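Single-structure report; data block below.
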Amino acid sequence: MSATVAPPRAEPASSPIAAFDVLLGRPVSMRAMALLRVLVGPVVLLHLRPILDAARHGRIYRDAFYEPYAAWYPELPRGIYVAMLWIAVVAALAMTIGLLTRVATVTVFVIVTYNVFLSTTNLHNNRAYLMIVLAALAVAPCGRELSIDAWSRRVRGRPPLPTSSPGWPLWLLRFEAATVYAASGLSKLLDPDWFSGTVTWHRVVLVRDRVDASLLPSWAVDVLADRSFHTVAAKLIIATELFIAAGLWSRRTRFAAVWVAICFHVAIELSAEVQVFSFLAIAALAIWAVPSTRDRVLVLDVDAVAQRRLGAVVRNLDWLARFRIEWRPGGPVTVVDRDGTVVEGGWAVCRVLSRLPLTAWFALPVGLLPRARDRVMPVGGAA
Amino acid sequence: MWARRVVVVVVVVAQVAFVVRAYHAPHKEFGFQMFPESSTWQAEIVRVTYDGRRIPISDPWDGYQWSQMVRSRGLARASVRHHADAGLDNQLAFLDAALDYVADHTPRDTETRYLEAVVTTWHNTDEPETVVFRSHDRDVAG
């Protein structure tokens, strides 16, 4: 007897569902997720530290007021619960260095999520975002680069695993990241007290003694306590959040949105207690890098000491694998961008630094200068 | 392919639902409403005994201390005016739940019928309002 298997019914190529499937399944580089994985491990440790400190002093969540989400939610014996927290520490370290990456990442996600959902008192916005990021890392193959797993395969002579994968975890995480800013900005926009500046002004009034005792100069304190300042500042804050939420999606505005987001999170970290939110949110900005690697060429003079140093800097700091370095004798530093445009000399150095995660914030504004744009030319153009 | 579609759609729909829900739910899980209010609150919490006495919980009783039993979410020193950092609704929901928690976790106490909190709230710069929360009645006879 023979049987034929009907092929899965495919959506017509032009249908929205087919386009949706193509988007979700399109292989893209997971390099940004790998970098995020490396950065989020320490964030998890930071998140766990106060919980472990309390556990070392014999206190766990249920020794004081807590409120389970559901009566059926399982609670572990004390010793096993504390051991589980330490397993999360080990797994977070393994996640960062990329050792048994998938197992480590799933373990961290499961334990952090289980722990947060033990009580309504545990759930803060920063922890919700942390769970979301960990969920995305748990489902994405983010251990094939920047990991001991990848190094181990190389050492054993095994072929590397593909570093591209269907993009849907990345797209979902981008949606969630943008939602954090959009939801926050929208809630303020819709609240008349927030929009008018009443909330921020009143907050300053309530902590005026602390503001007076801070390192701020007296004129800055006076400005902060001035209600009319908050009338403008509140709208600026709301506009900033909404700009970040929308600006991250377009390549034209993405660099500006990332730059503003970093300023925004640094300001929040300096002015409020937000647990791990600032570190997590800044780390998560990595996901907005275009998910392709080595698609820019950095051409350097093999005989020039300064250019060799630049090459070393790029090799060490190009965590998102933006550049392929080529050596030639003579000539200025040259960058050939992914669209074929060529930049040379000091502007090329700026372009390079603006694409490295550690230096991007400092170099990006230089790229906005009119002269920087003038120096960009089609491939083959003269300097 | 179907599984991928379903996961993505479910996550997106759920996230949008959480954001909408946060506008009316006291606990705004995944609603991402940051620094929502400058509101403050302060509560006088007492134990009301079966014989009608009203004893402040600032006095330890039967080996229990409120500040040791309720440490999180700014509830340890309820008599001091505090910022409701996740909004008044959220803060009051935690206080209400904390009253029930203490009522349920003080087995050596055989005189308290219920706990009561008289809460003064200041929603942003609005005039103060007073609300009263009570724990459920304790069944000390078992």
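Some notes on this structure:
- The angle between the Cα long axis of helix B:88-104 and the main principal axis of chain B comes to about 50°, on a 0 to 90 degree scale.
- The shape of chain B can be summarised by an equivalent ellipsoid whose semi-axes, obtained from the alpha carbon gyration tensor, come to 36, 20, 12 Å from longest to shortest.
- Within the shell defined by Cβ-Cβ distances under 14 Å, the residues around A:Glu241 carry a net charge of +1, with Lys and Arg each +1 and Asp and Glu each -1.
- Three-way shape label, the stretch A:138-249, alpha-carbon gyration tensor, a/c 1.5: prolate
- Within 10 Å of the Cβ of each residue in A:127-133, the mean number of Cβ atoms contributed by other protein chains is 2.
- Environment charge of B:Ala86, counting only residues whose C-beta is closer than 10 Å and scoring Lys/Arg +1, Asp/Glu -1: -1
- Once the Cα atoms are used to define both axes, helix B:2-21 deviates from the longest principal axis of chain B by about 50 degrees.
- Packing-based exposure ordering (other Cβ within 10 Å, fewest first) of B:Val132, A:Val349, A:Val43, A:Val103: B:Val132, A:Val103, A:Val349, A:Val43
- Per residue, the convex hull volume that the Cα atoms of the stretch A:296-374 enclose (Å³): 83
- Distance cut-off 26 Å, percentage of C-alpha pairs in the stretch A:27-162 lying past it: 28
- Note that the stretch A:121-132 has calculated 3J(HN,Hα) couplings of 6, 7, 8, 10, 4, 5, 6, 4, 5, 4, 4, 4 Hz, one per residue in order, obtained from phi through the Karplus relation 6.51 cos²θ - 1.76 cosθ + 1.60 (θ = phi - 60°); glycine and proline are x.
- With 20 Å bins beginning at zero, the pair-distance distribution over Cα atoms of the protein assembly as shown amounts to 18, 46, 29, 7, 1 %.
- Shielding of peptide A:162-175 by partners, expressed as the average count of other chain Cβ atoms within 10 Å per residue Cβ, is 2.
- Rg then Dmax, both in Å and based on the Cα atoms of the stretch A:189-271: 14.6, 44.
Coordinate-derived values only; no laboratory data. If you're wondering where the values come from, they're calculated on a predicted model, not measured in any experiment. Note that each Cβ is placed from the backbone with ideal geometry, even for glycine, and that neighbours are counted across all protein chains shown.
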